[in-house]
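These notes concern the structure reproduced below.
The values are calculated or read from the model by the stated rules, or taken from the named source; none is laboratory data. This one's a predicted model, so the numbers in the text were calculated from it and none came from an experiment. Neighbour counts run over all protein chains shown; Cβ positions are idealised from the backbone, glycine included.
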């Protein structure tokens with residue numbers, strides 16, 4: 001835990017990131033040695049909570065990364081730490097051509113299953129009890145089930161998930177999430193319909209998706225560079241003082 005003096009120093013560093021004064025002549029930013037993780041990042045952020053079965057502390061922790069491809073890899077690793085044999089849910093995918101001359105390939109389920117745009121849940125959704133997930137669609141604003149709401153899996157059935165809301169004014173409430181059909185339009189030469197649970201794993205998330213949320217402990221994966229100093233500032237700013 002940082003001392004008061006270190007907290008002030010860290011706060012000054014974060015403010016300087018936001019002001020863009022930490023950039024060098026190559027527009028790069030030097031990260032202080034004392035906050036660099038030299039061991040496995042997933043283990044450093046989630047290992048103790050998982051090993052001690054302190055599952056309620058998982059939602060106060062997160063790993064942030066600039067790109068979805070990194071987020072997906074990190075989420076898979078943390079899920080494996082939690083349970084090496086998760087339950088797999090396969091989606092039902094259909095497509096409608098946006099052109100007069102349709103391409104028969106888009107009707108092939110094998111092809112549609114390979115498509116993984118960020119606005120859709122994956123074709124194969126792997127889940128386990130205590131997994132942290134995030135809604136990717138508004139289901140019921142009055143019940144606190146909005147796009148970006150984080151949940152913890154309590155139990156799983158074939159067509160419904162029992163979850164606990166972790167964020168917002170409905171935090172602590174138990175809810176049931178059914179499968180639903182989510183549509184992806186204007187991204188391909190066809191419209192994709194995916195029938196799946198409208199969630200994604202959320203041990204890790206993109207820096208942009210984390211805006212407005214706060215955590216007690218975060219790791220920042222910089223295997224890919226941030227797009228600008230403002231994005232790095234957002235990542236550091238999500239940490240509770």
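Taking the criterion of being within 22 Å of residue 152 (Cα to Cα), touching a residue at least 40 places away in the same chain (Cβ under 8 Å) and surrounded by fewer than 17 Cβ atoms within 10 Å (Cβ to Cβ), the residues of segment 31-55 that qualify are 44, 55. Every condition in (1) farther than 19 Å from residue 224 by Cα; (2) at pLDDT 95 or above is met by residue 83 except one, and the failing one is (2). Exactly one residue out of 68, 75 is closer than 27 Å to residue 172 by Cα and surrounded by 15 or more Cβ atoms within 10 Å (Cβ to Cβ), and it is 75. Within segment 162-185, how many residues are touching a residue at least 24 places away in the same chain (Cβ under 8 Å), loosely packed, with under 13 Cβ neighbours inside 10 Å and more than 12 Å from residue 146 (Cα to Cα)? Total meeting the criteria: 0.
Residue by residue, here is whether (1) more than 20 Å from residue 77 (Cα to Cα); (2) assigned to a loop (DSSP other than H, G, I, E, B); (3) modelled with pLDDT under 95 holds:
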residue: 122; (1), (2), (3): no, yes, no
residue: 126; (1), (2), (3): no, no, no
residue: 134; (1), (2), (3): no, no, no
residue: 148; (1), (2), (3): yes, yes, yes
residue: 153; (1), (2), (3): no, no, no
residue: 161; (1), (2), (3): yes, no, no
residue: 164; (1), (2), (3): yes, no, no
residue: 168; (1), (2), (3): yes, yes, yes
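Any residue that is in contact with a helix residue (DSSP H, G or I) (Cβ under 6 Å, 6 or more places away or on another chain) and modelled with pLDDT of 95 or more - is there at least one of those in segment 7-22? No, the conditions are met nowhere in segment 7-22. With respect to residue 194, is the statement that it is touching a strand residue (DSSP E or B) at 6+ places or on another chain (Cβ under 7 Å), more than 30 Å from residue 44 (Cβ to Cβ) and part of a loop (DSSP other than H, G, I, E, B) true? In short, no.
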